[in-house]
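Shown next, in C-alpha cells, is the structure this report addresses.
Where a number appears in this text, it was derived from the coordinates with a stated rule and is not lab data. Everything numeric here is computed off the predicted structure, so don't read it as measured data. For neighbour counting, all protein chains shown are included, and Cβ atoms are generated from backbone atoms with ideal geometry for every residue, glycine included.
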Amino acid sequence: MISISKLTLDESTEEAVLRVLRTGQLAMGQETVDVENAFSKRFDGAQCIAVSNGTVGITLALAAMGVGPGDEVITTSFSFIGTIEPIIQLGAIPIFADIDVETSNISVEEIKSLITDKTKVILPVHLYGRPVDLVEIRKIAVENGIYVLEDACQAIGAQVEGIGEIGSTGTSVFSFYGSKNIACGEGGLVVTDDPSIAERVKLLRSHGSIETYKHQAVGYNGRMTDLQAAILRVQFEKIDTVTMGRRGNAQYFNDSILNENIVLPPFEVGASISCFHQYTLRLENRKYRDDLQNWAHLHEVETRAYYPYTLSGHPVVKELGFGVSCKNAEILANSVLSIPVRESLSLTEKEHIAEVLSAWQPHLS
C-alpha cells in the first residue's frame, strides 16, 4: 500500500533523542529554546513559542487575544474539528463562513457579512497547505479593529502573495503532529510579531507562570518536551526540501492524472505558494468519491477523505446550537479525496498512482 503519510526518521534524529536522554532534562529545556530560536530566525525575528500541540496553540493564542464567553470568532466551515474546539472551550461562539470550492478556503465575502460588534477574531485555515487570501482578511480585520489568528497547522513552508512566508508576520499556529510535512509526533508552535500576545502565550503555556510557583494567571499545561523539540530541530532543516518535493509531486499529478471524472486541485492560486500538505481531488458526489476510494485501495493506493463532514453541520456543533448550513462546504464534504503527495514518493510510486487514477471509471450500481 502506498501510504498517505510516512515519517522518515534517520540517525541524526536518533542521536538528537539520545542527546536529550543523556542530559536528563526532558521538559522545556535548552532543546526547546534552540528550536524556538531556529524558527524565529526563519520567520524574520517573530517570537516563537513551542507548545504541546497545534490545538493547544490555538487555545493559547485565542486566550492571549482576550477571547472569552460570548465573544464571536469567525472561522471556516470546512476543516478539522481542532480548529473550533478552542473557541468553544473558551466559551466563545464559532461563526461559520462558507468556503470557495476551488481553493477549499474561507470566503472573504462571507467574512465581511458575518462581522458584528461581538466579533473578536477572524480564524482562517490554510487548508491542505494552500494559503487563504490573507491580504484581504487582514484588511477587513484592521477596518473593524479585530484580530486575525491563522490556523497554519497544515501550512509550514507555504507563502502568501503580497506578504511572504506564513509565520513571518501576524499571528499563526503550526502543528507538528505525525502526519504533518515536518513532525515530532505531537508539538506545535505559536508565532507572532505582537509582543503582548507573545508574552501572554508564554505565561499561559505553563500554568500562568514564568517563574516556578509565581502564578500570574490561571493558565494551561501547554509545554513542549525537549524530546519533541530535539526531533523537531532535525525536521526543521528539511522544511524547504520537503516543500519542494511535495510541490514537484503535485505538479507531476496535475500533468499525469488524465480522467474527466476527477477534478484536480489548482497548482497555484495567484502568486501564493502551497506546501501541499494534501493533494486533494474532487469528485462529482459521495458515491463517486467512495467508488474511487475503493478502486484505489484495490490497487494499493491509500486515500483519505479530508474531511467527510462540515464543521458547521457536525452533530456535536448542532447539539451545542452553533450549527448552520454552508452549501459549498457541504459539496466538499461529499466529494473530496486526498491521495499521497509526500516528498518521499518514488517515481515508480507516482507513476502507479497516476495510472490507477487515470484508469478509474465509476462503477455505480
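What to note about this one:
- Estimated FRET transfer efficiency when R0 is 45 angstrom, pair K327-S196 (beta carbons, to 0.05): 0.70
- Sorting V316, V160, V190 from the fewest to the most surrounding beta carbons within 10 angstrom yields V316, V160, V190.
- Rounded to the nearest 20, the size of the Cβ-charge dipole of the chain about its Cα centre is 660 debye, with Lys and Arg at +1 and Asp and Glu at -1.
- You can think of it this way: the chain between N261 and A217 has 10.3 nm of extra reach, that is 0.36 nm per residue less the Cα-Cα gap.
- Likely footprinting exposure, T192, T8, fewest C-beta neighbours within 10 Å first: T8, T192
- Over the stretch 267-353, Cα pairs under 8 Å with separation of 6+ residues give a relative contact order of 40 percent.
- Of the chymotrypsin sites (Phe, Trp or Tyr not before Pro) in the stretch 282-365, those whose Cβ has at most 16 other Cβ within 10 Å and which sit in DSSP loop: none
- Each label was represented as a point 7 Å from its Cα along the Cα-to-Cβ direction; for A359 and R22 these points are 5.1 nm apart.
- Charge dipole (Cα centre; +1 on Lys/Arg Cβ, -1 on Asp/Glu Cβ; no other charges) of the stretch 204-336 amounts to roughly 460 debye.
- With neighbour counts taken as other beta-carbon atoms within 10 Å, the residues D290, D226, D117 rank, fewest first, as D117, D290, D226.
- Cα centroids of the stretch 120-192 and the stretch 47-95: 13 Å apart.
- Measuring between their Cα centroids, the stretch 207-230 and the stretch 275-292 lie 41 Å from each other.
- Antiparallel DSSP beta bridges within the chain, as percent of all bridges there, nearest 5: 60 percent
- Placing +1 on each Lys and Arg Cβ and -1 on each Asp and Glu Cβ, with no other charges, gives the stretch 1-142 a dipole about its Cα centre of roughly 240 debye.
- Mean separation of Cα contacts under 8 Å, 6 or more apart, over the residue count of the chain: relative contact order %: 22 percent
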